[in-house]
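See below for the structure under consideration.
The values are calculated or read from the model by the stated rules, or taken from the named source; none is laboratory data. Not measured: the values here are computed from a predicted model. Cβ atoms come from the backbone with ideal geometry, glycine included; neighbour counts cover every protein chain shown.
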Amino acid sequence: MIRHRPYGSGHAYLDTPDQRVPVIPEAGHAVELRVLASAKVSAVVAEWDDGTSSRHLPLRRAVAEPRRTGDADTGIARSEVLEDVGAPGAGTSNGTSEEDPLSDGDDTTAGGHLAAAQSKAAGRGGHAWRVTSPPLKAGVRHRYRFTGTGEDGSRRTTRWFEVYAGEWRGEGGILEVAGTDRVVPGSAEWFVSPQGAHRVRFALALGEGEHVVGFGERFDRVDQRGHALDAVVFEQYKDQGSTGRTYMPMPFAMVMGGDGWGFHVRTSRRTWFDVGASVADRLVVEAEAGEEPLVLAVYDGGPGVVLDAFLDEVGRPESLPDWVFRLWASGNEWNTQELVMAQMDRHRDEDVPVGVVVIEAWSDEATFTAFRDADYAVHPGGEPHVLADFTFGVAWPDPKGMVDELHRRDVKVLLWQIPLQKMRPHPTGQARADADVMVARGFGVREADGRPYRNRGWWFPLALMPDLTNPEARKWWLDKRRYLVEEVGVDGFKTDGGEHAWGHDLRYFDGTQGAESNNLYPVHYAKAYGDLLRECGKAPVTFSRAGFTGMQAHGCVWAGDENSTWAAFRHSVTAGITASACGMLYWGWDLGGFSGEIPTAELYLRAAAMACFSPIMQYHSEFNHYRKPLVDRTPWNIGERRDDDRVIPVFRSFAKLRDRLVPYLSAQAKAGPPLMRGLFFDYADDARVWEWPLQYMLGDALLVHPVTEPGATVWRTYLPEEQWVDVWNGARMAGGTVVTRDVPLDEVPVYCKVESWSALKGIFHPSTSTSTSASREVTAGTGD
């Protein structure tokens, strides 16, 4: 009848229509109280008690209002009215309703794919009611409860809820600095209530001309000076560049343009950064506070020294096999063995070399462990299956034979995964048995009251989520997938998702709560699957979109879901440069975008050119319900649909060039610095590099400047102080200047340092190559 959750759903950027706003108000300010009530409720009244007096506050029916784009707030001392997005996560611990922990609450399917599922989720919920409280007093316990009156006159009253106001004070916690103390004296303060310290903030001085890069994978800009942002893992389905939100944040940054330094806020809790946006010469850091001291690590030196010190703390990338540097191919509608092999046959027939196929639509979409339409006996206790347990159907008649054949063709195979036990539609068969095991044995993440956590997001809503901090649960989850590696022979997993933990008070097996562990979930996820692959004798090749500090040590990543637009292309280049600045070595993106209308031939080939010169080169396309025309991002589909016969031959040339680049990329990946790095990394003292944010070095020798605007026929590139060679025509040119060149679709501006050209020339002009070993030698990071 009525539901109120003081903290709402835990959504990082939207307050829900059943919560308190702000969650913890500042003394002297009011708080808005919200409830979600059924359609049969005709009136709602809040009883408000401040310890000395009590009053009744009638609630009003609310009208949805949009939130400001990019507002990064979780509800402390702020009171904006936010968008109503329904109420995912019904029956969570803060609510008043009770339910079967495995009941759907809604037996309808999510409907459609990602955009449709998101849209449907936004429509869930009842009627929202709101009222504003009197101002709160410091140090006083305020409490409130709600009474709803039904159309028939019946009444229902909730339990009492408590709220305390907070104040910013100069004491309340401990801030420790490891390294040079750059904290502005007197700037540290804590937001404190009788319940303890909730946040801490402090300032770091910024010098004139200093630039700030980092904070994880960022799509909006390279230099964050003059802007504000936060660090919380979030599934932003497309448009990351316009929202400032990211799948892979990190509370780490490098400061360049002065004496050179960087910092890492050693916390997995949410953080905020005002990088000279409010006060030009101050970088203000704000963090959720815990009982433990907050430690700020400060590193002195240039970007290479700073990043090296950071990676010493959080973990370094593990060297992966050379095949990860070849072309990756996938499409969300390749949902049968016949379709997968047809696409691989087409690659062979068109002479387009491919090294990896990622198969997304392989499973039954219920267990994510069994191939679609396979027949097998249910294991009631959730025990793992082996290959011999399955009788395969029409869709995937011989998965092992398929993988064996692809291996004979020198193509590796990754299978798609999601760290959720799907619960909609209501599970049956093995999916139901697995869900029962998760609940009975406590293998899932839990709500504060001990009930199983149910995913509150729009993708796979109400799903259970395995607790990967529980060794027994982790082993159980992974063992169910072991046969895919040991017997079917797959070479890795696309570890999709990972952003599904919402709620500050979730409970994990290791004793941590959501506020400190939700951001770490995708790191545990990638590590778990990497460990499974190692145990089976395979390289730990995972392919993730979400992550946090520590993700550097676990497999490959890609930039997540994005449209096929020029703007998204530019944002993706930015994402690669910023992710690499934080130590992510094996980074890629869905070249040309994966969603919406297919890219134009020009956009597709410009994107392919850039992807050829990035750590991971891959194409992918979204599920489109098998509607015609196809939305595959294969070169043949783009060429056919855009009626452009240049697409296949130009793409072929980049795919072949990519194969020739593998020895260089592999050697450079082992050399130390990020493989893809903004010019500021190698030329930190050159002020002009900041005028060219989308240029980057690929290894020590190659400077790349993607063509990111439609209709371009010439392209200007800044060359730092070096002697350079245009890799396409061999022309030599001096650095410290801007050069202009023609940019036909089969060329992207790439310049090689003169001292490396003799060894790399054969990659770009294979007829002049003297030996393969020569191209390998150049590349060991020596620059000679």
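The table that follows gives values for the structure above.
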item	result
Flag if Leu468 is closer than 22 Å to Phe509 by Cβ, in contact with a helix residue (DSSP H, G or I) (Cβ under 8 Å, 6 or more places away or on another chain) and in a loop (DSSP other than H, G, I, E, B)	yes
Leu406 being more than 29 Å from the chain's Cα centre (by Cα) and at pLDDT 95 or above	yes
Region 500-548, residues that are closer than 15 Å to Phe234 by Cβ and in a loop (DSSP other than H, G, I, E, B)	His500, Ala501, Trp502, Gly503, His504, Asn518, Asn519, Leu520, Arg545, Ala546, Gly547, Phe548
Search result, residues across region 344-363 that are of a type outside the set (A, V, I, L, M), farther than 17 Å from Phe594 by Cα and in contact (Cβ under 8 Å) with a residue 12 or more places away in the chain	Arg346, His347, Arg348, Glu350, Asp351, Pro353, Gly355, Trp362, Ser363
Residue in region 236-244 that is assigned by TED's automatic domain parsing to the domain that holds Asp300, of a type in the set (Val, Ile, Thr), in contact (Cβ under 8 Å) with a residue 24 or more places away in the chain and surrounded by 21 or more Cβ atoms within 10 Å (Cβ to Cβ) present	no
Ala687 vs. criteria surrounded by fewer than 18 Cβ atoms within 10 Å (Cβ to Cβ) and small (Gly, Ala, Ser)	yes
Qualifying residue in region 383-401 (condition: surrounded by 15 or more Cβ atoms within 10 Å (Cβ to Cβ) and of a type in the set (Ser, Thr, Tyr))	no
Check on Ala197, assigned to a strand (DSSP E or B), on the phi < 0 side of the Ramachandran plot and surrounded by fewer than 22 Cβ atoms within 10 Å (Cβ to Cβ)	yes
Scope region 729-740; condition surrounded by fewer than 18 Cβ atoms within 10 Å (Cβ to Cβ) and not hydroxyl-bearing (Ser, Thr, Tyr); matching residues	Asn729, Gly730, Ala731, Arg732, Met733, Ala734, Gly736, Val738
Qualifying residue in region 636-651 (condition: touching a strand residue (DSSP E or B) at 6+ places or on another chain (Cβ under 7 Å) and either in a loop (DSSP other than H, G, I, E, B) or hydrophobic (A, V, I, L, M, F, W, C) (or both))	no
Residue list for region 566-594, restricted to those being farther than 25 Å from Val523 by Cα and either surrounded by fewer than 24 Cβ atoms within 10 Å (Cβ to Cβ) or in the same structural domain as Arg221 (by TED's automatic domain parsing) (or both)	Trp566, Ala567, Arg570
Among the residues listed as Asp351, Asp345, the single one being among the charged types (D, E, K, R), assigned to a loop (DSSP other than H, G, I, E, B), under 24 Å from Trp636 (Cβ atoms) and modelled with pLDDT of 95 or more	Asp351
Unique residue being aromatic (Phe, Trp, Tyr) and either in the same structural domain as Thr16 (by TED's automatic domain parsing) or in contact with a Lys or Arg (Cβ under 8 Å, 6 or more places away or on another chain) (or both) when the list is Tyr483, Tyr453	Tyr453
Condition broken by Val378, with the remaining ones in (1) among the β-branched types (Val, Ile, Thr); (2) farther than 30 Å from Cys556 by Cα; (3) in contact (Cβ under 8 Å) with a residue 60 or more places away in the chain satisfied	(3)
Whichever residue in region 392-412 is of a type in the set (Gly, Ala, Ser) and in a loop (DSSP other than H, G, I, E, B) and, among such residues, is farthest from Asp351 (Cα to Cα)	Gly393
Strands (runs of 3 or more DSSP E) contained entirely in region 146-189, each with at least 3 residues that are under 38 Å from the mean Cα position of the chain (by Cα) and not aliphatic (A, V, I, L, M)	167-169
Selection status of Ala448, free of Cβ contacts under 8 Å to residues at least 24 places away in the same chain, of a type outside the set (Lys, Arg) and farther than 22 Å from Ile359 by Cβ	no
Only listed residue being touching a strand residue (DSSP E or B) at 6+ places or on another chain (Cβ under 6 Å), at pLDDT 95 or above, aliphatic (A, V, I, L, M) and within 30 Å of Arg245 (Cα to Cα), chosen from Leu468, Leu462	Leu462
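Every residue, every condition in (1) closer than 25 Å to Pro249 by Cα; (2) at pLDDT 95 or above; (3) of a type outside the set (Ser, Thr, Tyr); (4) in contact with a Ser or Thr (Cβ under 8 Å, 6 or more places away or on another chain), yes or no:
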residue: Gly592; (1), (2), (3), (4): yes, yes, yes, yes
residue: Ile598; (1), (2), (3), (4): no, yes, yes, yes
residue: Lys628; (1), (2), (3), (4): no, no, yes, no
residue: Pro635; (1), (2), (3), (4): no, yes, yes, no
residue: Arg641; (1), (2), (3), (4): no, yes, yes, no
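Matching residues to (1) assigned by TED's automatic domain parsing to the domain that holds Gln695; (2) among the β-branched types (Val, Ile, Thr); (3) crowded, with 24+ Cβ neighbours inside 10 Å:
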residue: Cys536; (1), (2), (3): no, no, no
residue: Met551; (1), (2), (3): no, no, yes
residue: Gly555; (1), (2), (3): no, no, yes
residue: Ile616; (1), (2), (3): no, yes, yes
residue: His620; (1), (2), (3): no, no, yes
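Every residue, every condition in (1) within 24 Å of Asp239 (Cβ to Cβ); (2) modelled with pLDDT of 95 or more, yes or no:
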{"residue": "Ile2", "(1), (2)": "no, no"}
{"residue": "Tyr13", "(1), (2)": "yes, yes"}
{"residue": "Leu36", "(1), (2)": "no, yes"}
{"residue": "Ala39", "(1), (2)": "no, no"}
{"residue": "Ala43", "(1), (2)": "no, yes"}
{"residue": "Arg55", "(1), (2)": "no, yes"}
{"residue": "Val63", "(1), (2)": "no, no"}
{"residue": "Gly70", "(1), (2)": "yes, no"}
{"residue": "Thr108", "(1), (2)": "no, no"}
